[in-house]
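Have a look at the structure below, then the notes.
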Amino acid sequence: MQDKLIKVAVVGNPNCGKTTLFNVLTGSNLKVANWPGVTVEKIEGFASYEDFRIDLIDTPGIYSLASYTIEEKVTRNCIMDQDIDVILNVVDASSLERNLYLTMQLIELKKPMVIALNMMDIIKERGLEIDLHRLPEMLGNIPIVPVSAAKKKGINILLHAIVHHYEEGPVTEVFHYSEEIEEKIEKLEVMMGARYPKHEFKRWHAVKLLEGDEAVLKDHPIEVETIADKSYEKQMIQEKYGYIENIVEEVLFYKEKKAHITEKIDQYLTHPVFGLFFFFLIMMSVFFLTFSIGDFLKGILENILISVSNTISALFNTIGVAGWLHSMLIDGALAGVGGILTFIPNIAILFLALALLEDSGYMSRVAYVMDGVMGKVGLSGKAFLPMILGFGCTVPAIMATRALESEEDRKKTMIITPFMSCSARLPIYVLFSGMFFEKNAYLVSFSLYLLGLFIAILTASILTKIKKEARKEVLLIELPEYKRPNLRTIRIYVVTKLKDYLSKAGTVIFIASLIIWVLLNFGPAGMTSQPDESFGALIGKLMVPLTRPAGLDSWQFVVALISGISAKEVVVSSLNVLFQTTASGSNQSLLQSILTVSPEFGALQAYAFMTFCLLYTPCVATIATIRKESNSWKFTSKVILFQLLTAWLVATLIFQIGSRIAGL
Amino acid sequence: MTLFDGMSGIEYKITGIYVAYAIERRLEALGLNEGTTIKIITRKKNGAMIIKVRGTRLAIGKAIAAGIEVKEV
């Protein structure tokens, strides 16, 4: 039998548990893409109920249906333009009053709508009770289903409500503004009807016109001035909240007063003094776990890789594979890609930690805790969130700058975020600090994270001084309830990131490794077994004079750095190929090869090299994202050039000062 | 007085909001309107603070705190 199809848009405030609920509803049937024209993530999935197929679209979390932010515009277009049958509004019951503001706006659309009242368990914990009979009555009898996304409760009832309500049709009107405003809405509705007879949302549109919404006016121009001489937005927001206050008064009861867990935790974590201390403690432990447990597991993977490499090599010898093919696959592809794969444990742990910080609700506290420090360099504390995300991957971090209130702040944050050590740079640190710093390896790696942070903050400070702007610290962020991280959400997050990493290893890194192998094995005279006569060496040697002041005097490092622009991990995979490390991922053989080529190369050179990798031109994916988000090639090229110069300058300083000290 | 002059643990009533247009609308959508009660949960010397309004906790910076006119309840 043909399934009936229902399209549902999932809409709700940030932190209302929308993503968790979405994941529970759709299982793992996810499709992630971008909304047309913007880099806001669009997630689609589906659920089945009875003989219905329910297609769900997750929209970005928003507080209002206005059109001030990209997220608001995206959500609005989604629920209005697309053939959405039902709006599923996720409401955080523990923050009912504020969540209902968006609900009120959604109701104005008069589309079929179902409310999932989430976080009912928190309501109980706090000794509160919600009157589930009165609440729907006051919201035009739309179905309201109490659910707990985290505990997977109420999910079937919710699906039933969606299916049932879809057949039932739209809700009736609930809320009336004051007479003054209703009169104007009515007139505008008549005008809309005359001008755009087929328009679906006349009342909603009239409401938005009266609020002075520019996007609506641009889509459907009309002479608002004849009805309203000013924007009534302020008054209308107040009237809506007035009605919401009535609702809350009637439906929300205190049964008993209980201690508030979030406030207890916040006494410590957002303490004016100790807050900063706890933050650094948390970050330290994140990096400690990443390196210690990560390295232990990495060692196991390395051994597996070596035996795989040896087995394949032996197999090739037995079946008589041609020498060049053997070399290309083992020394090129396997050494490059395999070397990268061994870093999976480190990266998984890092992303796991970031996911835990985010999902527990701690991340937004960091914006508050860091606001003082960031304020001193002319940025809002909120700018620190993209920077932390930058520890994971620069691409989403650059996208996250969108949350910043001012355009100036955004550009500044885009300039400094690439200085944060992303997970792709982690393999470089692990490799080099492991080879040259042995016992102090963790400390050295950690120092690079701090160095990146320091350079980022220094840059922001200089930029602010140059522009001599008045400091306007427009921090504004919601601090959600602390909650136990949801395993499902965390798993989906980490698995997605690892898949990205693996697919990068399979595509960009694989191709880059092969290109490097070709550059090394071919020269002006055709195929060569002397790397010194290869194209790679020619290119590298041309640039060596530039990198020599930073202690990098062999062409292999130059080639590795150039290749690293495709993706930073490629620096490692290239080095494995460049120095012909046969047993992939084995530090000892790489170290020996490096010392053969460049006997001078020691801890200082290694540190200068790592610094260069930390600071120089970001990877292609980041460049593309900066270009898209800033919408300017000029700005993007400036960023690239600035970072290259910074890297050279800092690496050179480190090497020159370091060798002077060593020479004393 | 403005919220910037306020103290931790005290409740205030908003009498006016004077910040940039877009931020004012954002604050209003979050439920900070004239007449709304705000409680300062904690604050730093530099003016950043955590407030509780309509059951939600918000962190705001000095610029915003100094633009919200309040009176003690």
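The values are calculated or read from the model by the stated rules, or taken from the named source; none is laboratory data. Only a predicted model underlies this, so the values are computations on that prediction, with no experimental measurement involved. FYI the Cβ positions are ideal-geometry reconstructions off the backbone, even for glycines, and counts take in every protein chain you see.
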- prompt: Here is a list of conditions, (1) at pLDDT 90 or above; (2) in a strand (DSSP E or B); (3) under 24 Å from A:N99 (Cα atoms), and A:R53 meets all of them except one; can you say which number that is?
  reply: (3)
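Please go through segment B:1-15 and give me each residue that is within 12 Å of another protein chain (Cβ to nearest Cβ) and either among the aromatic types (F, W, Y) or at positive phi (or both), ordered by number. Spell out how you get there, then give the answer.
Keep residues of segment B:1-15 that are within 12 Å of another protein chain (Cβ to nearest Cβ), which gives B:4, B:8-9, B:14.
Passing the criteria: B:F4, B:G9.
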- request: Just name the residue that is surrounded by the fewest Cβ atoms within 10 Å (Cβ to Cβ) out of those in segment B:16-37 that are within 17 Å of A:I62 (Cα to Cα) and within 7 Å of chain A (Cβ to nearest Cβ).
  value: B:A22
query: Are any residues in segment A:326-351 crowded, with 19+ Cβ neighbours inside 10 Å and under 21 Å from the mean Cα position of the chain (by Cα), and if so, which ones?
result: A:F343, A:N346, A:I347, A:A348, A:I349, A:L350, A:F351
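Among the listed residues B:I60, B:I64, B:I40, B:I68, which satisfies the condition of being away from chain A (no Cβ under 11 Å), within 9 Å of the chain's Cα centre (by Cα) and buried (at least 21 other Cβ atoms within 10 Å of the Cβ)? Don't jump to the end; show me each part of the working.
Values: B:I60 fails: away from chain A (no Cβ under 11 Å); B:I64 fails: away from chain A (no Cβ under 11 Å); B:I40 fails: buried (at least 21 other Cβ atoms within 10 Å of the Cβ).
The unique qualifying residue is B:I68.
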- request: Those residues that are over 28 Å from the mean Cα position of the chain (by Cα) and not in a loop (DSSP other than H, G, I, E, B), I need them from segment A:106-119; list them, please.
  value: A:I107, A:M113, A:V114
Hey, A:N77 more than 14 Å from chain B (Cβ to nearest Cβ) and either buried (at least 19 other Cβ atoms within 10 Å of the Cβ) or closer than 30 Å to B:K52 by Cα (or both) or not: no
message: Looking only at segment B:7-34, how many residues end up being under 9 Å from the mean Cα position of the chain (by Cα) and more than 30 Å from A:K208 (Cβ to Cβ)?
response: 1
task: Provide a single number: the residues in segment A:138-156 that are surrounded by 14 or more Cβ atoms within 10 Å (Cβ to Cβ) and not in a strand (DSSP E or B).
output: 11
- prompt: Quick one: A:L305 ticks every box in (1) in contact with a helix residue (DSSP H, G or I) (Cβ under 7 Å, 6 or more places away or on another chain); (2) surrounded by fewer than 16 Cβ atoms within 10 Å (Cβ to Cβ); (3) closer than 23 Å to A:G336 by Cα bar one, so which box is it?
  reply: (2)
